[in-house]
Structures are given as structure tokens and as C-alpha cells.
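Some notes on the structure that comes next.
The values are calculated or read from the model by the stated rules, or taken from the named source; none is laboratory data. Owing to the predicted nature of the structure, the values given are computational and were not obtained by experimental measurement. Virtual Cβ from ideal backbone geometry, glycine too; neighbours counted across all protein chains shown. Ligands, DNA and RNA are stripped out before the accessible areas are found, and what is left, the full protein with its side chains, is counted by its heavy atoms. Shrake-Rupley method; radii C 1.70, N 1.55, O 1.52, S 1.80 Å.
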Amino acid sequence: MAFPLIRMRRTRRTEALRSLVRETHLVPGQLIYPLFLCPGEGVRREIGSMPGVFNLSVDEALKEAEEAAQLGMGGLLLFGLPETKDEEASGAWDDNGIVQRGLRALKVTAAAKKLVLIADVCLCEYTSHGHCGTVAKTADGYEVENDASVDILGRTAASLARAGADVVAPSDMMDGRVAEIRRSLDEDEHKHTPILSYASKFASAFYGPFRDAADSAPQFGDRRSYQMDGANVREAMREIELDLAEGADMILMKPAMPYLDVIRAARERFDVPIGAYQVSGEYSMLKAAFEKGWLEPERAMLESLIGIRRAGADFIVTYFAKDAAKAL
């Protein structure tokens, strides 16, 4: 049977009809808002390459958390800018580190009862060289050490859990880090703390503005020896499978929009909660188009997020979280 008996436009005639038959839904509770914590008090410093995103002192971050809770958002993803950096990333696992202090302050607020507090577990913000692990000199120059870095990541995750993180999220892409983090959490009596693994994190050009925000650009070389090649989908599935076998409870795909096919492939293959990170470059390029008047801000923002949900993400980490929650 076909036209004129079948008319697909019948269910598109009104907003009420369109809403009734809508297949994919976006609600504030599916949105995770990243925050960049920095030392000081009363600090709200806008990031030049990310309009509307700020480095925040802990007292200012508490205000953001309150607003996020009022808007019904799902949670916060916390990153830190330490007072000092060194080759061993000691600020990452310091129990008095910037994110640890932020977690303790957030945990006693009413907002914390409504939000999931996720702590990023990586070393790039804390190392003097900007890599996601410790570095050793070699005859050819340098190498990011896998096993030594994994040990530090385990200590970091345990420290963040002690400070109050509801979820720890390793984003380093070192081999075996999920197993070590699970072991460290369990030994530290945090066996109920879930691991949200950045299971397929690609070496992407879209991270540029984040490195301004977190002051985490590598001082030499790049991250292609540990982050994934953007051409590989089958390898991404293998990474996910290994992380789940090591004890990951949830997975996070990063970036989102250029890798929607990877999100879809993971959704079809793995029956676990899947998140996607709409990264800094995705946010900033849309904001630039909005400022030029080339795109309608609210429609384009929501369309980009619906596309990520439609690909299979259960929740989305996005710098648009507040704006999207308000629009929804």
C-alpha cells in the first residue's frame, strides 16, 4: 500500500502529534555538566576558546551545582587545575588536591543529593609535561610509560572516591587501568563506587579548546601513541570489551558528533550504560556559528544532542548542559 492511502505527513501536522510519535527523547536528567575547578576564591574566569565556560574556584562551583540541581540535570563531571604540576602528577592523587577539595565541599550540599558527582581520572592536568601518564626518556626521545601510569591512576581514583566521588571516570587510555582502578577502589573499601571508563577515546583535533580550559596541552609530542586512531571502529569495540572485562560499569565515547557510528556500534553490541562526550571543539564550533548568526542557537544545540541520543547514548556530557536544560 502506498500514497494516497498512506500519508506520512499525517502525524507531523501539529506539535502535539509530533511529540506523541517522537522516537528519541532528551531530558535534563540525561545531561552531565563539566566543571573546571581552580584554586582561589570568587574566581570565575571565562575560557577564551569556550564562550560561556569558566574556570571556577570551589565556592563558585557550588553555585553551579545548585543551579544544575534546580534544572534537573543528571550530574557534574569534575576536572582540576592544580596549584603546581610535576612529572609524577602528584596533585592528582593528593587527598588535598583541588578536585578532592571540591568534592568534599559539594558532598555536604543539598545539590549533591540530586546530582551524580563524577570525577575525571587522568594525569594530563597535573603533569608538568602535559601527557596522560609518566614519561621516560628513550633512545628515540621519550615514551609514555603504561604500567607506572596505571599505578598512579589507581591511587588517584581511590583518593577521589575517599573525597566523595560517586563515580570515577578514567580518561587516560592506558592499558589495564580499569583493572587497577577496580583493585584500588576495592582495597580502599570503595567496592560500590562505579567506574565510567572512557573506553574509546580517540586522538582528536576537537579537544583543542579543552586544553586551554585545563591547561593540559602536551609540552612535546602528541597523544597518538595511547589515544585511538579515528579510523578504527573494530579496535574501539575491542577496547570496550576489554574495559568491561576488567570491571568497568559504564562506558563513555569521546568525541561524540564525529563518531556517531562508533556510539551506534557500541549500542548494538554492548548491553551496558553508554555515555557520550560532546567535547570542547564540538561546543566551540557551534558557539562560533551562533555568534556569526549562521545557525539558530537553540535548535542547532538541541538537534546536535538529539543526534547523539539517537545514535545510542544514554547520557551526554556537554558544555551546553545548562542551556539545553533550560530549553527543555
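Go through the residues of segment 271-280 one by one and say whether even a single one is among the charged types (D, E, K, R) and in a helix (DSSP H, G or I).
The answer is no, given that none of the residues of segment 271-280 is among the charged types (D, E, K, R) and in a helix (DSSP H, G or I).
Could you tell me how many of the residues in segment 84-105 are assigned to a helix (DSSP H, G or I) and either touching a His at 6+ places or on another chain (Cβ under 6 Å) or among the hydrophobic types (A, V, I, L, M, F, W, C) (or both)?
Counting residues in segment 84-105 that are assigned to a helix (DSSP H, G or I) and either touching a His at 6+ places or on another chain (Cβ under 6 Å) or among the hydrophobic types (A, V, I, L, M, F, W, C) (or both) gives 6.
Kindly indicate which of V116, V121 is open to solvent by 40 Å² or more (accessible area, probe 1.4 Å), touching a Leu at 6+ places or on another chain (Cβ under 8 Å) and not aromatic (F, W, Y).
V116
Looking only at segment 180-209, which residues are buried (at least 17 other Cβ atoms within 10 Å of the Cβ), assigned to a loop (DSSP other than H, G, I, E, B) and among the small types (G, A, S)? Steps first, please.
Narrowing segment 180-209 to residues buried (at least 17 other Cβ atoms within 10 Å of the Cβ): 180-182, 184-185, 190, 193-202, 204, 206-207, 209.
Checking the rest, the ones that are also assigned to a loop (DSSP other than H, G, I, E, B) come to 190, 193-194, 204.
Hit for segment 180-209 is S204, nothing else.
Tell me whether segment 216-230 contains one or more residues that are open to solvent by less than 60 Å² (accessible area, probe 1.4 Å) and at positive phi.
yes
Quick one: S90 ticks every box in (1) in contact with a Phe, Trp or Tyr (Cβ under 8 Å, 6 or more places away or on another chain); (2) at pLDDT 95 or above; (3) under 20 Å from P170 (Cα atoms) bar one, so which box is it?
Here S90 clears every test but (2).
Only one of (1) assigned to a loop (DSSP other than H, G, I, E, B); (2) buried (at least 18 other Cβ atoms within 10 Å of the Cβ) fails for L160. Which number is that?
Against the list (1) assigned to a loop (DSSP other than H, G, I, E, B); (2) buried (at least 18 other Cβ atoms within 10 Å of the Cβ), L160 comes up short only on (1).
Mind telling me which of the residues I306, I251 ends up being over 25 Å from C122 (Cα atoms) and at pLDDT 95 or above?
The unique qualifying residue is I306.
For residues that are assigned to a loop (DSSP other than H, G, I, E, B) and closer than 27 Å to D166 by Cβ, tally how many sit in segment 210-226. If you could, list the steps in order and put the result at the bottom.
Step one: of segment 210-226, the residues assigned to a loop (DSSP other than H, G, I, E, B) are 215-226.
After this cut, where a residue has to be closer than 27 Å to D166 by Cβ as well, the list is 215-216, 226.
The qualifying residues number 3.
Mind listing whichever residues of segment 289-328 are of a type in the set (G, A, S) and open to solvent by 50 Å² or more (accessible area, probe 1.4 Å)?
Matches in segment 289-328: G293 only.
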